[in-house]
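All of the numbers you see were taken from the coordinates with simple rules; none came from a lab. Nothing here was measured: the structure is a model prediction, and the numbers come from that model. Because the Cβ atoms are built from the backbone with ideal geometry, glycine has one as well, and the counts that use them run over all protein chains shown.
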There are 2 protein chains.
Amino acid sequence: MKALAEKLGNVLVMQKKTVATAESCTGGMIAKVITDIPGSSRYFMGSVVSYSNDVKIKVLRVSRALIERHGAVSSQVAVAMARGVQRLTHADCTVAVTGIAGPDGGTAKKPVGLVYIAVANGTDIEVKKFNFQKDRDGNRKDTTKAALQMLIKTLNQQA
Amino acid sequence: MKALAEKLGNVLVMQKKTVATAESCTGGMIAKVITDIPGSSRYFMGSVVSYSNDVKIKVLRVSRALIERHGAVSSQVAVAMARGVQRLTHADCTVAVTGIAGPDGGTAKKPVGLVYIAVANGTDIEVKKFNFQKDRDGNRKDTTKAALQMLIKTLNQQA
C-alpha cells in the first residue's frame with residue numbers, strides 16, 4: 001500500500017498536480033495512506049469523508065434526488081462525490097469511493113463488497129464497479145488499493 | 001487503537017450521540033480508526049481532512065486572518081476547525097487536530113511533534129497542546145490516540 005502511495009506521490013510531483021479524495025466506505029483510509037508519505041502536503045489538498053448521506057448532500061453537494069433514485073452506493077453518486085470534492089478543493093484530480101464494507105448493510109442487489117470508484121482528472125471522469133467479496137477490513141483495503149491504482153493509471157494515461 | 005475506537009463507539013451509542021472529525025496532520029487517520037469498527041455508521045457522520053490551508057478556509061470556514069495571525073498549527077485554529085466541522089456535519093461532538101507530523105515543517109518555536117487537539121461537545125470546547133517528539137508515523141499515531149482519549153473523557157464527564 002505504501003509503495004502505491006509513493007508511486008502516486010511521485011507521479012503527482014512530476015506532473016505538478018494535486019489530489020483530493022471523497023470517501024464513504026473507506027472512511028478516510030485513502031487520505032490516511034496518501035498522507036503516510038512524508039512531503040505529501042505538496043500534492044494532497046484534503047478529503048471529505050462523507051459517511052452519512054447528510055454530509056454527501058450538504059458538504060459535497062450530491063443531490064438528494066440522485067441518492068434517492070440510485071442509492072448512496074451507485075456509480076452516479078460516486079461521480080457526483082468526485083465532482084463535489086473537486087469543486088471544494090480545486091484539486092487537479094480527485095477520487096471518490098462509495099460501497100458496502102460490511103459486515104452489515106448488504107442486500108441481494110447490493111452485496112457486501114460492492115464498491116464504486118470514480119476518478120476525475122480535469123474535465124474527464126471515469127467510474128468503475130468492483131465486487132471485493134472480503135470482510136470489512138479486506139473490502140476497505142482493496143478499495144483503497146484500487147483507488148490509488150486508478151489514480152496512477154489515469155495520470156499516466158494523460159501524461 | 002482498536003480498543004479505544006470501540007470504547008468511543010460504545011460511549012456514543014449509549015449516549016445516542018454522533019461524532020465527526022476535522023484533521024490536518026493525521027490526514028484522515030482518526031476517521032479511518034473510528035470507521036474500522038463495524039456499525040460505526042450509527043454514530044460517525046464524517047470528516048473534513050483539511051491538509052491545505054485553502055481547505056481549512058473554504059470548507060471549514062476557518063478565517064484566513066486567524067491562520068495568518070496564529071499559524072495553522074495553533075490552539076485557535078484547532079478550535080475553529082472543531083467548530084467548523086460541527087457546523088458542517090451537525091455532529092454532537094467533534095475533534096480537530098492540527099500539528100507538525102514531520103519530518104519537515106518544524107521550526108524552533110513550532111517543532112516536529114507539536115500538535116493541538118480541540119474537542120467540542122455541544123457548546124463546550126476544550127483544547128490541549130501536545131509535544132509528541134516522535135517520527136512522522138509515531139506523531140500521527142499518538143495524535144490519533146490522544147484525540148480518541150479526549151473524546152471519550154469529554155463524553156464521560158458530561159454523562
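Before moving on, here are some points about what is shown:
- Shielding value for B:52-65 is 3, the average number of Cβ atoms from other chains within 10 Å of each residue's Cβ.
- Residues A:D104, B:D135, arranged from fewest to most other Cβ atoms within 10 angstrom of their Cβ, appear as A:D104, B:D135.
- Prolate/oblate/rounded label for segment A:32-108 (Cα gyration tensor, a/c 1.5): oblate
- Between 0 and 90°, nearest 10: helix B:75-89 axis offset from chain B longest Cα axis: 40 degrees
- Peptides A:20-32, B:105-117, ordered by how many other C-beta atoms sit within 10 Å of their residues on average, highest first, read A:20-32, B:105-117.
- Between copies, B:N131 shows label-point distances of 5.7 nm, shortest first, with the point placed 7 angstrom from Cα along Cα to C-beta.
- Between helix A:136-157 and chain A: long-axis angle, C-alpha atoms, 0 to 90°, nearest 10: 50 degrees
- Take each residue in A:36-43, count the other chain C-beta atoms within 10 Å of its C-beta, and the mean is 4.
- Three-way shape label, the protein assembly as shown, alpha-carbon gyration tensor, a/c 1.5: oblate
- Fraction of the pair-distance distribution of chain B above 25 Å, Cα-Cα pairs, percent: 22 percent
- Tilt relative to chain A, helix A:2-15 - C-alpha long axis, 0 to 90 degrees, to 10: 60 degrees
- For the residues of A:16-23, the average number of beta carbons from a partner chain within 10 Å of their own beta carbon is 2.
- For the cross-link pairs A:K58/A:K110; A:K128/A:K153; A:K2/A:K141; A:K2/A:K145; B:K109/B:K145, the ones whose C-alpha atoms lie over 18 Å apart are A:K58/A:K110; B:K109/B:K145.
- Phi angles of segment A:29-36 translate, via the Karplus equation with coefficients 6.51, -1.76, 1.60 and θ = phi - 60°, into HN-Hα couplings of 5, 5, 4, 4, 5, 4, 8, 4 Hz per residue; Gly and Pro are given as x.
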